[in-house]
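**Student:** Supplied in structure tokens, the structure appears directly below.
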Amino acid sequence: MTEPQSALLLRRQLAELNKNPVEGFSAGLIDDNDLYRWEVLIIGPPDTLYEGGVFKAHLTFPRDYPLRPPKMKFITEIWHPNEWREDRNGEFKRKVARCVRKSQETAFE
């Protein structure tokens, strides 16, 4: 059985993140058998309200990624103007989401 294109892309992007880490950001699979669920750690950047903070979030990628963006849910409680807080579940809602990306872009650009 062949792997869906979205799984191939996610596998390649995760390998690229491991090979060339992004400062202040790390990612890995929540479950080694599920490429569509990632756990990320974001270090608060210097000279911001978030400086010194370590923020954990879960990304859930749709099967038709990158045509639709991943859903992001913060595990660490934070304040952000685009975070949905009505039920305080930490779900991140982008006001403007660009779903279709140029082929060389990743979810992290």
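**Student:** Working only within the range 9-44, note down all residues that are among the aliphatic types (A, V, I, L, M) and not in a strand (DSSP E or B).
**Tutor:** L9, L10, L14, A15, L17, V22, I30, L35
**Student:** Count, please, the residues in the range 45-60 that happen to be of a type outside the set (V, I, T) and loosely packed, with under 15 Cβ neighbours inside 10 Å.
**Tutor:** So the answer is 8.
**Student:** Report the residue count in the range 61-72 for those that are touching a strand residue (DSSP E or B) at 6+ places or on another chain (Cβ under 9 Å), buried (at least 16 other Cβ atoms within 10 Å of the Cβ) and without any contact (Cβ under 8 Å) to a residue 40 or more places away in the chain.
**Tutor:** 2
**Student:** Sticking with this one: Limited to the range 14-40, what total is found for residues that are within 23 Å of G52 (Cα to Cα) and among the hydroxyl-bearing types (S, T, Y)?
**Tutor:** Qualifying residue count, the range 14-40: 1.
**Student:** Next question. Cβ-Cβ under 7 Å, sequence separation 6+ or interchain: first residue in the range 27-47 and under 15 Å from E77 (Cα atoms), partner of a type in the set (S, T, Y) and outside any loop (DSSP other than H, G, I, E, B). Which pairs?
**Tutor:** Correct list of pairs: V40/S26; L41/S26.
Bear in mind these aren't lab numbers, they're just calculated from the coordinates by the rules spelled out. Remember, predicted model here, so these are calculated numbers, not experimental data. No Cβ is skipped: glycine too gets one built from the backbone with ideal geometry, and neighbour counts run over all protein chains shown.
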